[in-house]
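Novice: If you scroll down you'll find the structure; I have some questions about it.
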Amino acid sequence: MGTDISVVDTKIVNSLAETRPVPPFDMADLMVAYLEQLEIKYVFGIPGGAIEPLYNAIARSSRRGGVQHILARHEAGAAFMADGYARETGKIGVCCATSGPGATNLITGVACAYENNIPMLVITGQPALPSFGKHPLQESACTGINILGMFRHCTRYNSLVSHPEQMEPKLIAALQRATRTPRGPAHLTVPVDVFRKPHAHNKPSYDLPTLLAPSSLVDDDAVEILWEMLGRSRNVVLLIGGWCNEAIGSILQFAILNGATLVTTPDGKGLVSPQHPLFRGVFGFGGHASAEAALRDESVDLILAVGASMGEWNTGGWSDSLLNERLVHIDESEDHLARTPMARFHMRGSIRAIFNRLIERSGGQHNESQIAIERRRSVLAKNSTSREPNAILAAPEQYQSDATPIKPQRLMLELGKLFPLSTRFLADTGNSVAWAIHYLQPGDRRASERRVGGGKRKREPGRRQSNGGWLRVTMNFAPMGWAIGGAIGTAVGNPDVTVVCITGDGSMLMNGQEISVAVAEKLNVIFVVLNDQALGMVKHGQRLAGAEDIGYQLPATDFAALARALGATGHTVRSPEDLYNLDIAAICAHKGPTLLDVLIDPDEIPPMNSRMRVLANSL
């Protein structure tokens, strides 16, 4: 009678594992060692034969407490997760895929990161070099489905590593391009045999943190010109864009010292408390009439647009209320500055360094000019009459409505009240982002900045932990489902906070399988699905434009049941009362995801007027 293999002595198995020869330090190990240098803890992807050596290296790193792998359910989801991780941690997001369809599936997420200036390292595999041109499985070199050609237009750096000696210099160049302005994805595609080649020195040659240290570039002459402009101005408006992350504390301090009105772009909303006394709302897509009025005010003599990419959504469809001769554009990115030829003055450099210099020139809170004092008093007095919680909203009556099905406006009110102040909200493309930009107003997290009264340049006290603010949205490319993967990457990057993904039923049907990742990783992500049985923005856009009703209908779907089938917790919400009955404290403490299937009023029209104006003019 044979021996049952299931009862083989485990000691023998363990002994064999211990005596297994240690593999040589190969090119894949070198790549992972550089990720360890940068303290990047997670790589998001899906394995395959052509990229197996990289996975072997990640496994070895993980066993020694280094880089770990998060298994996505689709490669686009892996790129969205890397995007969310980068926004939350300020580090480079890393995603990987095998050759062929694995690589092509990444492209949507990589293109989104490119358009939103998200630093990302994208790694794809290739069949062995000698097999190029012989139709190997999933070939994606120049002799197959040319993945380099496809990534060429959505990356800052894009190269095939065709020899082991190229690995180190090309990896360094890719990481430099990913993190230098304009930031974005860098792509390396590596044949499997190159990955496996041994590295002669068994360790990296470069100290990457030093090489990639951010520049504190600032033009003193430009600061002097801007200071003189400010000195002659009695009414200043600050337009805060999404790329003010690291500098936002200094910007808010400058605004307080100088009495400047605060307006944000849609992607900058998460950097400012909605309760800030100088805040007048969001300008652009989903924005507020109060913000546009602040910019159109004839008494305004200077508009400082800071860290704003100046695309359609954050200029109100290129509105002349912003794009005029009163504009001063301050940014690190030459690409952004090139989009405002009408501006009175362009200033390129480190945003934080520029505003630190301006604060120093102000002398902190001391020795203020009479103009600055009068300006602050005037702005604070004006804003005090319009800072009722609902004053800037388009439909405040719906914000308080008890109707069933629940009004999306009321849902945004409750989401802002229910979750902890440290919550990260991500709003997906479609109706979700329009409702969130306009109506989501969580409690006051930080009305000003720790260094008010100081003015000295210090790196740490003026910085916030998060690089993305309390609300994250995606501009320009705007793929559906981005927030689903992005929320998972955010939670991986910071497991100590609650993450809320506001998404639509269309996006959930497109990318909802990634909830399974949050289940597997025990991540506290709350997925709020705006369920109106439609591609809502398409439906309302067609009706507002007088177009044909076509292609937006979705079948009734029980997303709470779908969540439970994937291993998550699911609840159905039809009314404000259903929200009150939820145990939010338990949901936020749960080691795993929760989905709220919210049946919203399908007839409520989202605030999307700026988008409709652009479409109407596209004749």
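Readers should treat all values here as calculations from the given coordinates under stated rules, not as data from a laboratory. Model, not experiment: these values are computed from the prediction. Cβ atoms come from the backbone with ideal geometry, glycine included; neighbour counts cover every protein chain shown.
Novice: Report the calculated FRET efficiency for A520 and R63 (r = Cβ-Cβ distance, R0 = 22 Å), to the nearest 0.05.
Specialist: The pair A520/R63 has a calculated efficiency of 0.70.
Novice: Going highest first, how would you order 548-555, 411-418, 162-169, 478-485 by mean Cβ packing within 10 Å?
Specialist: Going from most to least packed, we get 478-485, 411-418, 162-169, 548-555.
Novice: Here is a follow-up. Rounded to the nearest 5, what % of the DSSP beta bridges within the chain are antiparallel ones?
Specialist: 5
Novice: Dipole magnitude of the range 220-384 about its Cα centre, charges +1 at Lys/Arg Cβ and -1 at Asp/Glu Cβ only, in debye to the nearest 20?
Specialist: Charge dipole, the range 220-384, about its Cα centre: 560 debye, nearest 20.
Novice: What distance in nm separates the simple spin-label points at L217 and D402, each placed 7 Å from Cα in the Cβ direction?
Specialist: Spacing of the two 7 Å Cα→Cβ label points: 5.9 nm.
Novice: Further, regarding this structure: Quick check: the angle from helix 164-179's long axis to the longest principal axis of the chain, C-alpha only, nearest 10 degrees?
Specialist: 20
Novice: If I model a spin label as a point 7 Å beyond the Cα along the Cα-Cβ vector, how far apart are those points for E312 and A545 in nm?
Specialist: 0.9
Novice: Also: Could you tell me the calculated FRET efficiency between D193 and L71, based on Cβ-Cβ distance and R0 = 22 angstrom, to the nearest 0.05?
Specialist: 0.35
Novice: Treating the Cα atoms of the range 396-616 as identical point scatterers in vacuum, please give the log10 of the normalised Debye intensity I(q)/I(0) at q = 0.10 Å⁻¹, two decimals.
Specialist: -0.45
Novice: Rank-order 393-406, 29-42 by packing density, defined as the average count of other C-beta atoms within 10 Å over each peptide's residues, highest first.
Specialist: 29-42, 393-406
Novice: Further question: Using only helices, what value at 222 nm comes out for the chain when you add -39,500 (n - 2.57) per DSSP H run of length 4 or more and divide by the total residues, to the nearest 500 deg cm²/dmol?
Specialist: Taken over the chain, the calculation gives -11000 deg cm²/dmol.
Novice: In the structure shown, do any of K91/K522; K91/K591; K91/K407; K170/K522; K91/K170; K197/K522 have a Cα-Cα gap over 30 Å, and if so which?
Specialist: Exceeds cut-off: K91/K407; K170/K522; K197/K522.
Novice: Still on this model: Return the equivalent ellipsoid semi-axes of the range 22-211 as a descending list in whole Å, where each equals the square root of 5 times an eigenvalue of the C-alpha gyration tensor.
Specialist: 21, 20, 15
Novice: While we're here: What length, rounded to one decimal in nm, is gained on full extension from T572 through to S319, with 0.36 nm per residue of separation minus their alpha-carbon distance?
Specialist: Using 0.36 nm per residue and subtracting the Cα-Cα distance, I get 87.0 nm.
Novice: Separate question: Can you give the alpha-carbon Rg of the chain over 2.2 N^0.38 Å, where N counts its residues?
Specialist: The value comes to 1.01.
Novice: Over the chain, what is the relative contact order in whole percent, taking alpha-carbon pairs under 8 Å and six or more residues apart?
Specialist: 14 percent.
Novice: What translational diffusion coefficient, to the nearest whole µm²/s, does the range 220-384 have by Stokes-Einstein, given a Kirkwood radius computed over alpha-carbon pairs, a temperature of 37 °C and 0.692 mPa s viscosity?
Specialist: Diffusion coefficient, whole number: 213 µm²/s.
Novice: In whole angstrom, how long is each semi-axis of the equivalent ellipsoid of the range 43-119, when you take the square root of 5 times every eigenvalue of its Cα gyration tensor and sort them from largest down?
Specialist: 20, 17, 8
Novice: Sticking with the crude label model, points 7 Å out along Cα→Cβ, report the distance from E224 to D207 in nm, one decimal please.
Specialist: 3.6
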